[in-house]
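**Student:** Below: one structure in structure tokens.
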Amino acid sequence: MKKYLNVFLLAVILPAFIFTGCKDDTNDNPQPTPKGNYEVLSDYMTNHGLDLPDLLTTPSKWVVAPDLIGKGGIVDPTDYSIPGYHVFDIRKTEDFEKGHIKDAINVALGDVLKKAKEVGTDKPILVVCYTGQTAARAVMALRLSGYSDAQVMKFGMSYWNPEFDKWTSNCTDIADGNPNWVTDASGSLPSNDYPTWESGTTDGAKLLEERVDDMLSNSTWNVKSDVVLNDPMGYDIYNFWKEGDYVKYGHYKDAYQMYPISMANDVVKAFPTSDDFLVYCYTGQTSSFTVAWLQVLGYKATSILFGVNSLRHTALVDGGAPAWHESHDYEYVTETGM
């Protein structure tokens, strides 16, 4: 009987010993956990039509002027509402209460995606701020999150009524005659590595959601143009214009001319990954939209406020380039609303 008992115990213990030994051997060489990174995100975005040129134009342009419906625009002249859109006003509550578009909804920048889910998709979303620049960040978040027809109201509430005008006081000609503003050709674009951030998820959709939330919480996204004009050599600067206007209207000294900005053909590798850099355009609206996209990808990008309108406004107006002119005189309401 004892003999049979020993055999039985051996049959039970030996497999357990072998299994435990194999398990220990496996733990001695653990496999690294896959990480989400720039390559995973860029592949997902490219495959889903989320490269910057697509976001700027598909299915419609990302910015729309508040012209009257009778003139081919979006504003109802009977009550000065914008009936074809869910209007999100992302200004501070106290500013919203002083005057806003009829039926507009006051939404904090960080809450635009939550509110978008609440209002539904029966109409596109139009985002309004004071100048169109902060709204561009909100619209980038929306377009990256499935609201592909979201748009910025051009020039913001400044364009709606002179009571809200933040544009006129920021349009100057301070670059005229300044030695730091030049008209020479651009240097060759540099080539850099990709950003090296990591995430715990390798799911492209979840990774994009993480990055968009991070972008919306980032408050360091702009700089004043005159600060840069005082010392352009202290920055890496990228001009988001075609070459003709880069030379015609001039540019910051040593600024690169870069158009288009895209993940295609590794164009984005022109941007540094270890340092901050600046992007500017005509009005600061397109550069704000672009900088938001670059921040989602992991770049330390900053937009130059009001663009060249704050540097050579008269030249842009005279040349027919995108430029601030004057406000409409549309009616507005002051009730709290939604």
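**Student:** Quick check: anything in region 284-304 surrounded by fewer than 24 Cβ atoms within 10 Å (Cβ to Cβ) and over 24 Å from SER145 (Cβ atoms)?
**Tutor:** So far as region 284-304 goes, no, none of its residues is surrounded by fewer than 24 Cβ atoms within 10 Å (Cβ to Cβ) and over 24 Å from SER145 (Cβ atoms).
**Student:** Additional query: Look through region 55-91, keep the residues that are among the basic types (Lys, Arg) and in contact with a strand residue (DSSP E or B) (Cβ under 9 Å, 6 or more places away or on another chain), and return whichever of them is surrounded by the most Cβ atoms within 10 Å (Cβ to Cβ). If you could, list the steps in order and put the result at the bottom.
**Tutor:** First, pick out the residues of region 55-91 that are among the basic types (Lys, Arg): 61, 71, 91.
If we keep only those that are in contact with a strand residue (DSSP E or B) (Cβ under 9 Å, 6 or more places away or on another chain) as well, we get 61, 91.
Numbers: LYS61: 11, ARG91: 24.
So the residue we want is ARG91.
**Student:** Only one residue in ALA270, ALA264, ALA255 is over 20 Å from TRP181 (Cα atoms), in contact with a strand residue (DSSP E or B) (Cβ under 9 Å, 6 or more places away or on another chain) and among the aliphatic types (A, V, I, L, M). Which one?
**Tutor:** Residue meeting the stated conditions: ALA270.
**Student:** Then there is this: Please work out which one of (1) at pLDDT below 95; (2) among the β-branched types (Val, Ile, Thr); (3) under 24 Å from GLY284 (Cα atoms) is the condition THR33 fails and give its number.
**Tutor:** That leaves (3) as the condition not met.
**Student:** State all residues of region 59-110 that are polar (S, T, N, Q), closer than 25 Å to THR286 by Cβ and in contact with a helix residue (DSSP H, G or I) (Cβ under 9 Å, 6 or more places away or on another chain); if no residue qualifies, say none.
**Tutor:** Passing the criteria: none in range.
**Student:** What residue, among those in region 219-247 that are in contact with a Ser or Thr (Cβ under 8 Å, 6 or more places away or on another chain) and within 19 Å of THR183 (Cβ to Cβ), is surrounded by the fewest Cβ atoms within 10 Å (Cβ to Cβ)?
**Tutor:** GLU243
**Student:** Output the qualifying pairs, or none if there are none: Cβ atoms under 8 angstrom, residues six or more apart or on different chains, first residue in region 168-186 and among the acidic types (Asp, Glu) and at pLDDT below 95, second residue assigned to a loop (DSSP other than H, G, I, E, B) and surrounded by fewer than 16 Cβ atoms within 10 Å (Cβ to Cβ).
**Tutor:** none
**Student:** Would you point out which residue out of LYS224, LYS253 is under 22 Å from ALA135 (Cα atoms) and either among the basic types (Lys, Arg) or over 21 Å from the mean Cα position of the chain (by Cα) (or both)? Reasoning before the result, please.
**Tutor:** Numbers: LYS253 fails: under 22 Å from ALA135 (Cα atoms).
Result of the check over LYS224, LYS253: LYS224.
**Student:** Okay, next question. Filter region 158-189 down to the residues that are more than 30 Å from PHE96 (Cβ to Cβ), surrounded by 14 or more Cβ atoms within 10 Å (Cβ to Cβ) and not β-branched (Val, Ile, Thr) and list them by number.
**Tutor:** Those that are more than 30 Å from PHE96 (Cβ to Cβ), surrounded by 14 or more Cβ atoms within 10 Å (Cβ to Cβ) and not β-branched (Val, Ile, Thr): ASP173, ALA175, ASN178, ASN180, TRP181, SER186, LEU189.
The values are calculated or read from the model by the stated rules, or taken from the named source; none is laboratory data. Keep in mind it's a predicted model, so treat the numbers as computed, not measured. Backbone-built Cβ (ideal geometry, glycine too); neighbour counts: all protein chains shown.
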